[in-house]
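Structure first, commentary second.
The values are calculated or read from the model by the stated rules, or taken from the named source; none is laboratory data. All values reported here derive from a predicted model rather than from experimental measurement. Every residue, glycine among them, receives a Cβ derived from its backbone with ideal geometry; neighbour counts consider all protein chains shown.
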Amino acid sequence: MRLNKAARVILVGAPGVGKGTQSERLLARFPQLCAISSGDLLRNNVKNRTPLGIKVESTMKTGGLVSDSLILRLITNELGQRGWLSGGRSNVMTLESSAFGVAEAYEDADPFIATLDANPHAAATLSAHASEDPTASFLLDGFPRTATQAEKLDSIVPINWVVSIKTPFDVILQRIASRWVHEPSGRVYNTAFHAPKVPGIDDITGERLVQRSDDKEEVYRSRFQKFQETNEPLLEHYAKKGVLWEVEGMSSDEISPKLFREFERRFI
Ligand code: AMP
């Protein structure tokens, strides 16, 4: 299905609520969309042992939030590499988001972000793709997570739809506890509804499956608590801008049709 206006969409929801699943389904249905997941970008950095990955690894393992400056830099680089930003910030285009130099990874004050802090309007020149051209459509999953990140993003790329996905805590916890992954490929299984043919073994390679360390119950509870603390101000931020839409459901299958209907109403 083709879009007739640009969709610059954020999916917001507790960890494990199914943002990744909804994002995959939206991409399959609307091929003009591209998706960026901050968690996946970070996990790639950890897997590839980049300086950024090494720096954030322990924070991620314990369910903490990576600093705003690092995450903003990662996302800005990613948007730039995809050609969605222009306007004179040459290092956006040249830095490898998956291969930060040591200096960048250890730098807490990003000069670009400092400029945005000082003058948010200065970034307007960077939003070259903030047009209604449907080819400039994307979906962000996992970013922004805080109102501060949202404010920074506003000054780079204006978001035009924020989807808040809601599922009860216990339902998500149950789902997370049954999630197993094949690390080398990223294949995800769930013993409740998408079990591997042999328990604990990847269907394709026969290799062992593992639980993501941040999926362990204690870690999950901590991630959920952090999510709640930062989520309310984030939603308020977007509600004030008039772009917030909420959807509820016990499963991804219940949520997807509602999401598709509203997406089509807005962008098709
Ligand atoms: P996710 O897969 O989205 O749950 O992200 C996994 C982990 O990456 C989180 O628990 C955080 O440690 C980190 N992370 C991902 N996105 C962000 C963000 N926008 N701000 C800070 N930390 C993040």
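Observations on the model:
- Residue within the stretch 171-184 that is surrounded by fewer than 14 Cβ atoms within 10 Å (Cβ to Cβ), within 19 Å of the chain's Cα centre (by Cα), more than 16 Å from the ligand (Cβ to nearest atom) and under 30 Å from Ser67 (Cβ atoms) present: no
- Output for the stretch 242-261, where each listed residue is in a helix (DSSP H, G or I) and without any contact (Cβ under 8 Å) to a residue 60 or more places away in the chain: Asp253, Glu254, Pro257, Lys258, Arg261
- Residue in the stretch 191-205 that is within 16 Å of the ligand (Cβ to nearest atom) and closer than 30 Å to Val56 by Cα present: no
- Filter result (more than 8 Å from the ligand (Cβ to nearest atom) and either under 18 Å from the mean Cα position of the chain (by Cα) or not in a helix (DSSP H, G or I) (or both)) within the stretch 47-62: Lys47, Asn48, Arg49, Thr50, Leu52, Gly53, Glu57, Lys61, Thr62
- With respect to (1) touching a residue at least 40 places away in the same chain (Cβ under 8 Å); (2) more than 27 Å from Ile10 (Cα to Cα); (3) of a type outside the set (S, T, N, Q), the lone exception for Gly200 is condition (1).
A quick yes/no check of all residues on (1) within 14 Å of the ligand (Cβ to nearest atom); (2) at pLDDT below 80; (3) over 20 Å from Ser137 (Cα atoms); (4) in a helix (DSSP H, G or I):
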position: Val66; (1), (2), (3), (4): yes, no, yes, no
position: Leu70; (1), (2), (3), (4): yes, no, yes, yes
position: Arg73; (1), (2), (3), (4): yes, no, yes, yes
position: Val92; (1), (2), (3), (4): no, yes, no, yes
position: Glu96; (1), (2), (3), (4): no, yes, yes, no
position: Ala103; (1), (2), (3), (4): no, yes, yes, yes
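Residues are listed down the side, and each one gets a yes or a no for (1) in the same structural domain as Glu262 (by TED's automatic domain parsing); (2) at pLDDT below 95; (3) surrounded by fewer than 20 Cβ atoms within 10 Å (Cβ to Cβ):
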position: Leu3; (1), (2), (3): no, yes, no
position: Val12; (1), (2), (3): yes, no, no
position: Val17; (1), (2), (3): yes, yes, no
position: Gly20; (1), (2), (3): yes, yes, yes
position: Gln32; (1), (2), (3): yes, yes, yes
position: Ala35; (1), (2), (3): yes, yes, yes
position: Asp40; (1), (2), (3): yes, yes, yes
position: Arg43; (1), (2), (3): yes, yes, yes
position: Lys47; (1), (2), (3): yes, yes, yes
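To keep it simple, each residue is scored yes or no on (1) surrounded by 11 or more Cβ atoms within 10 Å (Cβ to Cβ); (2) modelled with pLDDT of 95 or more.
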| site | (1), (2) |
| --- | --- |
| His194 | yes, no |
| Lys197 | no, yes |
| Asp203 | yes, yes |
| Gln211 | yes, no |
| Ser222 | yes, no |
| Leu235 | yes, yes |
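- Candidates Glu207, Glu264, Glu232, Glu218, filtered to the one that is under 28 Å from Arg29 (Cα atoms), of a type outside the set (Val, Ile, Thr) and out of contact with any helix residue (DSSP H, G or I) (no Cβ under 7 Å at 6 or more places or on another chain): Glu264
- When the test is whether a residue is crowded, with 17+ Cβ neighbours inside 10 Å, within 30 Å of Phe267 (Cα to Cα) and either within 8 Å of the ligand (Cβ to nearest atom) or modelled with pLDDT under 90 (or both), Leu26 does not pass it.
- Number of the condition not met by Trp161 [criteria: (1) more than 16 Å from the ligand (Cβ to nearest atom); (2) among the hydrophobic types (A, V, I, L, M, F, W, C); (3) more than 24 Å from Asp253 (Cβ to Cβ); (4) within 20 Å of the chain's Cα centre (by Cα)]: (3)
- Filtering the stretch 147-177 to residues that are at pLDDT below 95 and of a type in the set (Val, Ile, Thr) leaves Thr148, Ile156, Val157, Ile159, Val171, Ile172, Ile176.
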